[in-house]
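Heads up, the thing below is written out as structure tokens.
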Amino acid sequence: MRKRVILITGANGEVGQGLIRQLAQVPDRLPIIALDLRTLEPALLPMVEASIAGDILDANMLDRLTTEYEIDTIYHLAALLSTHSEFRPEAAHRVNVQGTVDMLHLAIEQARWRAQSVKFIFPSSIAVYGLPDLATKHQVGAVTEQTYLDPITMYGCNKLYAEHLGRYYMSHYRQLAAAPEEHGVDFRCVRFPGIISALTIPSGGTSDFAPEMIHAAAKGVPYACFVRPDAVIPFMTMPDAIKALLGLAKADKARLQRAVYNVSAFSLPAEQLAEQVVKYFPNAEIIYEPSAGRQRIIDSWPADMDDTAAHHDWDWEPDFDGEQAFRDYLVPTIRQQYA
Ligand code: SER
């Protein structure tokens with residue numbers, strides 16, 4: 001008998017690490033298989049059944065994985081983020097799109113074998129949006145799931161298409177076959193704003209100015225912010241991001257009206273983030289050296305995301321607004337981390 005497991009791809013990334021820490025505390029959960037290009041952080045190894053160093057594009061590796069394990073739920077987190085993707089757009093497409101197709105295919109094959117659907121939890125991103133100009137951005141405010149889907153980054157295009165792929169594999173896969181699939185992929189997707197973790201620093205994202213600014217202050221090093229003081233997008237803390245993934249994963253399927261849900265917690269311009277940072281770290285040195293390219297990307301992302309559907313369908317509620325995020329999570333956790 002193969003062991004029933006939860007598979008996490010991109011397990012060693014920021015969200016992966018946060019998810020493993022949180023899942024490890026859930027009683028009676030299935031064992032976790034952590035897949036990433038690099039073996040998992042040593043501190044997390046005791047929390048998982050196995051850490052596999054491998055590429056999601058390696059078909060042989062995936063075959064070996066499914067020979068050994070019955071995969072019940074997949075958290076498919078592996079991705080190249082938005083800034084990195086602009087340096088290597090075709091590589092981003094391979095990882096973000098082909099990698100997702102391969103994982104969806106794996107999920108549907110697993111579902112067929114075990115005669116039970118496989119949950120597929122997927123993080124999408126604010127990057128799927130593309131506002132035409134700053135005036136429109138400020139005028140429209142919080143955007144709903146269906147509007148302004150004209151991304152200007154490879155990453156945003158990849159995530160938007162991956163959302164459609166998930167919906168296709170869930171609801172329309174091989175729709176012309178004589179006998180439709182009886183058991184398939186239960187695809188559930190959250191569109192995240194920028195995420196700020198107190199424990200890890202992101203790499204290759206465009207929302208990175210927020211976490212970078214806070215971590216730099218806590219470490220006592222000066223920070224040059226790569227967007228203008230007025231640059232604004234929504235954010236949430238890593239604990240809230242994990243809460244969203246787990247909340248959607250365990251939501252009652254009958255209540256879910258859509259495959260993709262916006263989630264959001266608070267929107268602050270860079271200068272107000274900096275004010276919070278200085279409030280807690282009065283010696284913080286923050287200057288602004290906007291990069292035209294990264295600024296353009298941030299300007300194309302909405303100032304806020306409307307997450308009414310998530311509130312309504314699966315009782316989504318963030319634990320931290322902007323004030324609470326700093327006071328109750330970021331500052332105490334970061335201080336401890338660098339003490
Ligand atoms: N944080 C991501 C990025 O900046 C957005 O999903 O790429």
(request) Name the most mobile residue of Pro193, Pro123, Pro27, meaning the one with the largest mean-square fluctuation, in a Gaussian network model of the chain with Cα contacts below 10 Å. (result) Pro27
(message) Given bins 5 angstrom wide, list per bin the percent of all Cα-Cα distances in the range 151-229, short to long.
(response) 3, 12, 15, 15, 12, 11, 10, 7, 6, 4, 3, 2, 0
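Roughly how many debye, to the nearest 20, is the charge dipole of the chain about its Cα centre, given +1 on each Lys and Arg Cβ, -1 on each Asp and Glu Cβ, and no other charges?
Working: 30 positive and 42 negative charges, 130 e Å.
The dipole magnitude comes to about 620 debye.
Tell me, what is the percent relative contact order of the chain, built from C-alpha pairs under 8 Å that lie six or more residues apart?
Values: 666 pairs, mean separation 61.7, N = 339.
Over the chain, the number comes to 18 percent.
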(message) Rounded to two decimals, what is the ratio between the C-alpha radius of gyration of the range 185-339 and 2.2 N^0.38 Å?
(response) 1.08
(request) For Glu49 paired with Gln175, estimate the spin-label separation in nm (one decimal), with each label point 7 Å from Cα along the Cα-to-Cβ line. (result) 3.5 nm
(request) Using only Cα atoms, find the angle between the long axis of helix 238-249 and the longest principal axis of the chain, and express it within 0 to 90 degrees, rounded to the nearest 10. (result) 30 degrees
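Might you tell me the accessible area per residue for the chain, computed with a 1.4 Å probe and given in Å²?
Details: 14850 Å² over 339 residues.
So the chain comes to 44 Å² accessible per residue, rounded to a whole number.
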(request) Could you please state how large a percent of the accessible area of the chain is carbon and sulfur, counting protein chains only and using a 1.4 Å probe? (result) 52 percent
(request) List the residues of the range 229-243 whose backbone N lies under 18 Å from a point placed 7 Å from the Cα of His311 along the Cα-to-Cβ direction. (result) 234-237, 240-241
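Using the Cα centre as the reference, give the magnitude of the dipole from point charges on the C-beta atoms of the range 1-149 (Lys, Arg: +1; Asp, Glu: -1; all else neutral), rounded to the nearest 20 debye. Intermediate results must be reported in sequence, preceding the final value.
Details: 13 positive and 17 negative charges, 61 e Å.
It works out to roughly 300 debye.
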(message) When only alpha-carbon atoms are used, what values of Rg and Dmax, in angstrom, describe the range 51-188?
(response) 16.9, 54
(message) Could you tell me which residue out of Pro180, Tyr155, Pro132 lies farthest along the dipole of the range 111-217 toward its positive end? Charges go on the beta carbon: Lys and Arg +1, Asp and Glu -1, centred on the Cα centre.
(response) Pro180
(message) In the range 166-289, if the dipole is taken from +1 on Lys/Arg beta carbons and -1 on Asp/Glu beta carbons about the Cα centre, which of Ala284, Ser267, Cys225 is farthest to the positive end?
(response) Ser267
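Convert 4 °C to kelvin, take the viscosity as 1.567 mPa s, use the Kirkwood radius over C-alpha pairs of the range 29-121 as Rh, and evaluate the Stokes-Einstein diffusion coefficient in µm²/s, rounded to a whole number.
Working: Rh = 14.2 Å.
Approximately 91 µm²/s, per Stokes-Einstein.
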(request) Report, to the nearest 10°, how far helix 14-23 tilts away from the longest principal axis of the Cα atoms in the chain, using its own Cα long axis and a range of 0 to 90°. (result) 60 degrees
(message) Positive end of the dipole of the range 1-70, charges at C-beta (+1 Lys, Arg; -1 Asp, Glu), about the Cα centre: which of Gly54, Ala34, Ala24 has its Cα farthest in that direction?
(response) Ala24
(message) For the chain, set up a GNM with springs between Cα atoms under 10 Å and report which of Ala135, Ala259, Ala198 has the largest fluctuation.
(response) Ala135
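Using only the alpha carbons of the chain, what is the convex hull's orientation-averaged projected area in square nanometres? Could the numbers behind the result be given before it?
Numbers: hull surface 69.1 nm².
Projected over every direction and averaged, the Cα hull of the chain covers 17.3 nm².
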(message) Ignoring everything except DSSP H segments at least 4 long, calculate the 222 nm mean residue ellipticity for the chain; use -39,500 (n - 2.57) per segment, divide by total residues, nearest 500.
(response) -11500 deg cm²/dmol
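Express in nm, to one decimal, how much length is gained between Trp113 and Leu37 on full extension, taking 0.36 nm for each residue of separation and deducting their alpha carbon distance.
Values: separation 76, 0.36 × 76 = 27.36 nm, distance 2.71 nm.
Working it through step by step, the gained length comes to 24.6 nm.
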(message) Please check: in the Gaussian network model of the chain (C-alpha springs, under 10 Å), which one of Asn60, Asn283, Asn12 has the largest mean-square fluctuation.
(response) Asn60
(message) 7 Å from Cα along Cα→Cβ at both Gln272 and Arg4: what's the point-to-point distance in nm?
(response) 4.5 nm
(message) Once you compute Rg and the Kirkwood Rh from C-alpha atoms, what is the Rg to Rh ratio for the range 213-271?
(response) 1.15
(message) Give me log10 I(q)/I(0) at q = 0.13, 0.26 Å⁻¹ for the range 275-333, Debye formula, one equal scatterer per alpha-carbon, no solvent.
(response) -0.62, -1.01
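Pull up the DSSP beta bridges for the chain and report the antiparallel fraction as a percent, rounded to 5. Display every interim value, and only then the final one.
Numbers: 4 of 41 bridges.
If I count the DSSP bridges inside the chain, around 10 percent turn out antiparallel.
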(request) Quick one: order His138, His172 from most to least accessible surface, probe 1.4 Å. (result) His138, His172
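Obtain the radius of gyration and the Kirkwood radius of the range 111-190 from its C-alpha atoms and give Rg over Rh. Intermediate results must be reported in sequence, preceding the final value.
Working: Rg = 16.4 Å, Rh = 14.5 Å.
Result for the range 111-190 is an Rg/Rh of 1.13.
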(request) For the chain, find the longest principal axis of its Cα atoms and tell me its angle to the long axis of helix 270-280, 0 to 90°, nearest 10. (result) 80 degrees
(message) Per-residue counts of other Cβ atoms within 10 Å, averaged by peptide: what ranking do you get for 319-326, 162-169, 143-150, highest first?
(response) 162-169, 319-326, 143-150
(message) Compute the distance from the alpha-carbon center of the range 87-117 to that of the range 200-258, in whole Å.
(response) 25 Å
(message) Just to verify a number: FRET efficiency for Glu182 and Ala59, C-beta to C-beta distance, R0 = 22 Å, to 0.05?
(response) 0.30
(message) Under a Cβ-only charge scheme (Lys and Arg +1, Asp and Glu -1), can you give me the dipole magnitude of the range 226-336 about the Cα centre, in debye to the nearest 20?
(response) 380 debye
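With a sphere of radius 12 Å drawn around the Cβ of Asp230, what net charge do the other residues whose Cβ falls strictly inside it have (Lys, Arg +1; Asp, Glu -1)?
On the way: positive: Lys137, Arg228; negative: Glu271, Asp299.
Here the count lands on 0.
The values are calculated or read from the model by the stated rules, or taken from the named source; none is laboratory data. Note that the structure is predicted; figures quoted are calculated from it, not measured. Note: ideal-geometry Cβ built from the backbone for every residue, glycine included; neighbour counts use all protein chains shown. For the accessible areas, the whole protein counts, side chains as well, though only heavy atoms, and no ligand, DNA or RNA atoms are used. Shrake-Rupley method; radii C 1.70, N 1.55, O 1.52, S 1.80 Å.
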